[in-house]
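Comments concern the structure below.
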Amino acid sequence: DTEVTQTPKHLVMGMTNKKSLKCEQHMGHRAMYWYKQKAKKPPELMFVYSYEKLSINESVPSRFSPECPNSSLLNLHLHALQPEDSALYLCASSQGGTVMNTEAFFGQGTRLTVV
Amino acid sequence: GQQLNQSPQSMFIQEGEDVSMNCTSSSIFNTWLWYKQDPGEGPVLLIALYKAGELTSNGRLTAQFGITRKDSFLNISASIPSDVGIYFCAGRSTNAGKSTFGDGTTLTVKP
């Protein structure tokens, strides 16, 4: 299984809602990532988890809250978002750890619209 | 921080033509990655390069890791309509824990 699976594929939420994005991989990868991508722009890193611990937070606003319950799962909890947070949210995974040469596999993304 | 310059920004070519795009950086990278992204989908890894000077092929795609470790190029030979999409390069430094992405090259192929 060489897939990163993201759910849901599409999400529309109001500014007062609380929702969660989910990501799952079964490749034994130990690093997992959340990216945000606006149209025609490159993916923009938000968070990196390495061995289930948060290792990188790219100064993301606290209305985005990541969680890594185990080595296969990564969640992104959303609360009080703004319309400008509408974007494609991508999850990725890589071998991680001390392996220098890693690759990142991306999920299909969740298209989020904040109304 | 590290920045990548990817060029060209966009290309409009005829089916059957060859394509070349490249990325340059002011910093040294230990890994270069090339991705293709279709609309509404996540990026798909095309080629990963791990050694300076390395030349790697994947079907009609060929990528090279520049000898200075500050650049990489991707060639597509005999383009077909399904090559349409956005191509991103990404570089990784040792122990950086994350990749730096270029701004992408949008490829349009006319049948």
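The values are calculated or read from the model by the stated rules, or taken from the named source; none is laboratory data. Just so it is clear, the model here is predicted, and its values are computed rather than measured. Note that we place each Cβ from the backbone using ideal geometry, even for glycine, and neighbour counts take in every protein chain shown. The area values use the complete protein model at the heavy-atom level, side chains included, leaving out ligands, DNA and RNA. Shrake-Rupley method; radii C 1.70, N 1.55, O 1.52, S 1.80 Å.
Left without a cysteine partner by the 4.7 Å Cβ rule in chain A: A:Cys68. Take the accessible area of B alone and of A alone, subtract that of the pair with a 1.4 Å probe, and the total buried over both chains is about 1800 Å².
The distance between label points at A:Asn70 and B:Ser77 comes to 4.7 nm (points 7 Å beyond Cα on the Cα→Cβ vector). I need the Debye-formula profile for the protein assembly as shown: one equal scatterer per C-alpha, no solvent, reported as log10 I(q)/I(0) at q = 0.19 1/Å, two decimals. With no solvent term, the Cα-only Debye profile gives -1.42. In whole percent, how big is the carbon plus sulfur part of the accessible area of region A:61-115, probe 1.4 Å, protein atoms only? Taking all protein chains in place, region A:61-115 shows 52 percent carbon and sulfur surface. For region B:46-101, pairs of C-alpha atoms spaced more than 19 angstrom apart make up 33 percent of the total. With the other protein chains left in place, how much accessible area per residue, in square angstrom, belongs to region B:1-62 at a 1.4 angstrom probe? Ligands and nucleic acids excluded, the result is 51 Å² per residue. With contacts taken as Cα pairs under 8 Å and at least 6 residues apart, region A:29-115 reaches a relative contact order of 30 percent. Couplings for region B:93-104, taken from phi via the Karplus curve 6.51 cos²θ - 1.76 cosθ + 1.60 with θ = phi - 60°, read 9, 4, 6, 5, x, 7, 9, 9, 9, x, 7, x Hz in order; Gly and Pro are left as x. How far apart, in nm, are the 7 Å Cα→Cβ label points at A:Ile56 and B:Thr94? Spacing of the two 7 Å Cα→Cβ label points: 1.8 nm. In this view, the solvent-accessible surface of B:Phe101, computed with a 1.4 Å probe and all protein chains in place, comes to about 30 Å².
Rolling a 1.4 Å probe over the heavy atoms of the protein chains gives region A:9-115 an accessible area of 48 Å² per residue. GNM on chain B, C-alpha springs below 10 Å: top fluctuator among B:Ala96, B:Ala63, B:Ala52? Highest fluctuation among the options: B:Ala96. Counting protein heavy atoms only, region B:1-43 has 42 percent of its accessible area on carbon and sulfur, 1.4 angstrom probe.
Put simply, the convex hull of the Cα atoms in region A:1-101 casts, on average, a shadow of 6.8 nm². Using a probe of 1.4 Å, the accessible surface attributed to A:Met13 totals some 0 Å² when neighbouring protein chains are kept in position. Spin-label model, A:Met27/B:Arg60: points 7 Å from Cα along the beta carbon direction are separated by 2.5 nm. For region B:79-86, 3J(HN,Hα) computed residue by residue from phi via the Karplus equation (6.51, -1.76, 1.60; θ = phi - 60°) reads 4, 10, x, 6, 6, 4, x, 10 Hz, glycine and proline entered as x.
Computed from the C-alpha gyration tensor, the three semi-axes of the ellipsoid equivalent to chain B are 23, 14, 12 Å, from longest to shortest.
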